[in-house]
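J.: One structure follows; several queries about it will come next.
The values are calculated or read from the model by the stated rules, or taken from the named source; none is laboratory data. Everything quoted here is computed from the prediction, not taken from an experiment. Cβ placement follows ideal geometry from the backbone for every residue including glycine, while neighbour counts extend to all protein chains displayed. To get the accessible areas, we keep the full protein, side chains included, count just its heavy atoms, and leave off ligands, DNA and RNA. Shrake-Rupley method; radii C 1.70, N 1.55, O 1.52, S 1.80 Å.
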Amino acid sequence: MRECQIVSRKFELENSHTLEVVKAHGGYETLEKLKSHSPEEIIQMVTDANLRGKGGGGAPAGDKWKLMPQNSDKPSFLAVNCDESEPGTFKDRQIITKDPHLLIEGILITCYAIKAKHAYIYIRGEYYAYQKILQSAIDEAYEAGLLAECDITIHRGAGAYICGEKSALLESMEGKRGHPRLKPKQKEPEWYFGNPTLVNNVETIATVPFIVEHGADAYKAYGTEKSPGTLLFALSGHVEKPGVYEAEFGTPMMEYINHYGGGIKKGKKLKALIPGGVSCGVLNAQEVENLTLDYEALRAVGSSLGTGGMIVMDEDTCMVTALKNILEFYHEESCGQCTPCREGTGWVDKLVGRILDKRGTKEDIDKLLEVADTMNGKTICVFAPAVSTVIVSFIKRFRDEFEGAL
Amino acid sequence: MNFNFTEENLAKIEALKMRYPDPAALSLPCLWMVQYQEGYISLDAIDEISRRIGTPAMEIYRVATFYTMFHLEPQKKMNVQVCKTLSCKLCGSDEILEHLEGKDVNIVHVECLGSCGTAPVMQIDDVNYEELTPEKVDSILKELT
Ligand SMILES: Cc1cc2nc3c(=O)[nH]c(=O)nc-3n(C[C@H](O)[C@H](O)[C@H](O)COP(=O)(O)O)c2cc1C
Ligand code: SF4
Ligand code: FES
C-alpha cells in the first residue's frame, strides 16, 4: 500500500501547530508565488486537479469556486465548514489541532482565488479545546503579518448537527436557528447576509496548498481517475487501532482496515461496516471484502463514501441495536422544519425500538420501510433522505436479524 | 435581576461587530459570553443581548432554545456529557453510563463528540475525556470535585 501524506505530512512533528515548526517545514511557501498566478489560474488548477469536496458530498470544488463572481460590488466570503458532527468523523479535528497553519494557508489561497477579504471558520461548539489551538495559530498568523489582506474569524456553534449542512451553517452564522434553506433552481453561490459565499470543508481547503505548490497532475497522481487524490479516512468501532490515516482513493477497504487499523478487534470476524459517517448505507462483510475506497465504488452498491469515517462492527454486533442507535441520533437532530422528517424520525425510532424490545410484528418491518419511503426526496435538505437510505440498507442486508428479533 | 456584560465582554462585542457584515451575526457569540459569565442564560441577559445587537429578544430566545449547549437555567450539578452514539456504543458507553448512575453529577446523554477513534468519551466543561473505563471515570471525577 502506497503511503501518501498530502494533508497529514506535518501531523507527527513535535509542536506541529506552531508557526515556527511549520515554517521550518515549508509552510506558507505557496504564498510567495501565489501572486504570480491570477485568481482565475488558481481556480483552474483546482478544477484541473478535480479536487472533490471532502465534507461528505464529494462535489467538485472547482465548479463551486467558479460560481463566485470575480467582479461584484458586494463583498465575497469564504465559510470553512468545521462543524464535523457526522458520527464516525473526526478528521477535521486532526487538521485544526495538528496543522492549523495548513488550513490558514489554504484559506489565504482560496480567498485570493475567489476575491474574498474575510473567511469564517464555523466550528462545532463541542470542539472548544481544539478551537483554542486553531485561534492561537490564527493569532500567530496575524502577528506575522500573514493576514494583512484577508481576515479570519472563528464562529462557534452550540450543539446542532444540522448546522453542518451548508445553508444551515450560513443561517447559524447569521445569528439564527440552523434551519437549512430551500435549494435554488439554478447553480449559484451560497449567500451570507445576501453576499456571495463559498462553503468548503476544512480538509478540502487544507488540500489546496498542495495543489498550488505541486500542480494538478501531482494531486491526480494519487487516487482513481474519477476520485483523484487522498482523503483522511478514519476508523472507529471494533478495530484494534482506531484513528485517522490518510490514504489515496481507490484503496481496497479491507487492506486499509488491516494495514492501518490492525484488523478487527480481538481477532473477531467483521460483520458490517458503515463507510463514511452514519448517513451512509451499511455494508456487509462480503461487500467490504470487495470494495475500494472511492465515491464510485460505494455509490455502485447503494451506499456512499461520505466523510470516509468508517465504523466497524464485529460478528457479535446486534444490527437492530445499531440501527436503533442511529435512529435515536436522527430523531434528536432533525431540525423540525419538514413534516416527513420531524415526524418520520420519531416514528422509525419507535418502530425499531419496538422490534428491539421483542414487541414488534412482521408488519412493523414493512411499516418501517413505508415510513422510510415517505422521508425520501420530499424535504428541504438531504437529512431525511439519508435516514431513509440508512434504514433500507439495514433491512436489505440484515433482514433476518430484524425478523429474528420479532 | 438585571444583567450587565462585563467591561471585557463589552469590548469584545464592539470588536466583533467590526468582523461581521451585520451585528445580527453576534447572537451566538453573545450567548456564549453570557453563559461563561453567568453559568446560564437568563431572560434579562437575552434582553441585554437584544439591546446590544438590535435583534428582537424573541428571536434571540428562539436561537438560544435551538442549540443544545445553551443552558437557560442555572446548573446545579456538574454536567457529565457522555456520548452515546454508535462508535462509543460499540466500545462500551453503556458501561460508562451505568457506572455514573447514582453519582452526584448530572448525566447528560449527548451525540457524537468527534472522538470516535478514542471511544468511549465524555465531555465536562469543554474538555473531552477519552478511552474511558469505569476506573478512569472515578479518577477524573475525583480530580474535578
Ligand atoms: C445533514 C448534513 C450535515 C452535514 N454536515 C457537514 C459537516 O459536519 N461538515 C462538512 O464539511 N460538511 C457537512 N455537510 C455537507 C455540507 O452541506 C457541504 O456540502 C460541505 O461543507 C461543502 O464542502 P465540500 O464541498 O468541501 O465538502 C453536511 C450536509 C448535510 C446534508
Ligand atoms: S429534512 Fe429534516 S433536517 Fe433537513 S430541513 Fe427538513 S426537517 Fe430539517
Ligand atoms: S460516537 Fe462517540 S465520539 Fe463519535
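J.: For A:Gly57, work out the one condition from (1) within 14 Å of the chain's Cα centre (by Cα); (2) farther than 29 Å from B:Cys30 by Cβ; (3) within 14 Å of another protein chain (Cβ to nearest Cβ); (4) open to solvent by 10 Å² or more (accessible area, probe 1.4 Å) it doesn't fulfil.
T.: With respect to (1) within 14 Å of the chain's Cα centre (by Cα); (2) farther than 29 Å from B:Cys30 by Cβ; (3) within 14 Å of another protein chain (Cβ to nearest Cβ); (4) open to solvent by 10 Å² or more (accessible area, probe 1.4 Å), A:Gly57 is out only on (3).
J.: Next question, about the same structure. Looking at segment A:343-386 only, could you name the residues that are within 14 Å of ligand 1 (Cβ to nearest atom) and within 14 Å of chain B (Cβ to nearest Cβ)?
T.: A:Thr345, A:Phe383 - these are the residues of segment A:343-386 that are within 14 Å of ligand 1 (Cβ to nearest atom) and within 14 Å of chain B (Cβ to nearest Cβ).
J.: Related question: Tally the residues that are facing chain B (nearest Cβ under 10 Å) and not in a strand (DSSP E or B), restricting the search to segment A:136-170.
T.: 7
J.: Residues in segment A:104-131 that are over 19 Å from B:Glu111 (Cα atoms) and among the aromatic types (Phe, Trp, Tyr): how many?
T.: Total meeting the criteria: 2.
J.: Condition test on A:Leu34, is it among the hydrophobic types (A, V, I, L, M, F, W, C), within 30 Å of A:Pro252 (Cα to Cα) and more than 14 Å from chain B (Cβ to nearest Cβ)?
T.: No, not satisfied.
J.: On to the next question. What number of residues within segment A:60-86 satisfy the criterion of being away from every other protein chain (no Cβ under 14 Å), open to solvent by 50 Å² or more (accessible area, probe 1.4 Å) and either of a type in the set (D, E, K, R) or under 21 Å from A:Ser304 (Cβ atoms) (or both)?
T.: Of the residues in segment A:60-86, 4 are away from every other protein chain (no Cβ under 14 Å), open to solvent by 50 Å² or more (accessible area, probe 1.4 Å) and either of a type in the set (D, E, K, R) or under 21 Å from A:Ser304 (Cβ atoms) (or both).
J.: Go through segment A:175-193 and give me each residue that's in contact (Cβ under 8 Å) with a residue 12 or more places away in the chain, open to solvent by 50 Å² or more (accessible area, probe 1.4 Å) and within 14 Å of another protein chain (Cβ to nearest Cβ).
T.: A:Arg177, A:Trp191, A:Phe193, listed by residue number.
J.: Keeping to segment B:112-137, report how many residues are part of a loop (DSSP other than H, G, I, E, B), within 7 Å of chain A (Cβ to nearest Cβ) and among the hydrophobic types (A, V, I, L, M, F, W, C).
T.: Selection size over segment B:112-137: 3.
J.: Given the conditions (1) in contact with a Leu (Cβ under 9 Å, 6 or more places away or on another chain); (2) basic (Lys, Arg); (3) under 20 Å from A:Ala168 (Cα atoms), report the number of the one that A:Lys362 does not fulfil.
T.: (3)
J.: Checking the structure you have, find out if any residue of segment A:318-326 is aliphatic (A, V, I, L, M), surrounded by 15 or more Cβ atoms within 10 Å (Cβ to Cβ), in contact with a strand residue (DSSP E or B) (Cβ under 8 Å, 6 or more places away or on another chain) and within 14 Å of chain B (Cβ to nearest Cβ). Full working, then the answer.
T.: Here is the first cut: in segment A:318-326, the residues aliphatic (A, V, I, L, M) are A:319-320, A:322-323, A:326.
Going one step further and asking which of them are surrounded by 15 or more Cβ atoms within 10 Å (Cβ to Cβ), we end up with A:319-320, A:322-323, A:326.
Now narrow it down to the ones that are in contact with a strand residue (DSSP E or B) (Cβ under 8 Å, 6 or more places away or on another chain): A:319, A:322.
From what is left, the residues that are within 14 Å of chain B (Cβ to nearest Cβ) are A:319, A:322.
Yes: segment A:318-326 contains one or more residues that are aliphatic (A, V, I, L, M), surrounded by 15 or more Cβ atoms within 10 Å (Cβ to Cβ), in contact with a strand residue (DSSP E or B) (Cβ under 8 Å, 6 or more places away or on another chain) and within 14 Å of chain B (Cβ to nearest Cβ).
J.: For segment B:67-111, which residues satisfy the criterion of being away from ligand 2 (no atom under 16 Å from the Cβ), farther than 15 Å from B:Asp126 by Cα, open to solvent by less than 40 Å² (accessible area, probe 1.4 Å) and in a loop (DSSP other than H, G, I, E, B)?
T.: B:Lys84, B:Thr85, B:Cys91, B:Gly92, B:Val105
J.: Could you list all residues from segment A:176-187 that are within 16 Å of A:Glu165 (Cα to Cα) and not hydrophobic (A, V, I, L, M, F, W, C)? Please lay out each step first, then the result.
T.: Going residue by residue through segment A:176-187, those that are within 16 Å of A:Glu165 (Cα to Cα) are A:176-184.
Those that are within 16 Å of A:Glu165 (Cα to Cα) and not hydrophobic (A, V, I, L, M, F, W, C): A:Lys176, A:Arg177, A:Gly178, A:His179, A:Pro180, A:Arg181, A:Lys183, A:Pro184.
J.: Taking the condition of being under 27 Å from A:Ile264 (Cα atoms) and away from ligand 3 (no atom under 16 Å from the Cβ), how many residues in segment B:87-141 meet it?
T.: 4
J.: Right, next: Within segment B:1-53, restricting attention to residues that are among the aromatic types (Phe, Trp, Tyr) and within 14 Å of another protein chain (Cβ to nearest Cβ), which residue is farthest from B:Tyr67 (Cα to Cα)? Please lay out each step first, then the result.
T.: Looking only at segment B:1-53, we keep the residues that are among the aromatic types (Phe, Trp, Tyr), and these are B:3, B:5, B:20, B:32, B:36, B:40.
Restricting the remaining residues to those that are within 14 Å of another protein chain (Cβ to nearest Cβ) gives B:20, B:32, B:36, B:40.
Working: B:Tyr20: 21, B:Trp32: 11, B:Tyr36: 16, B:Tyr40: 13 Å.
That would be B:Tyr20.
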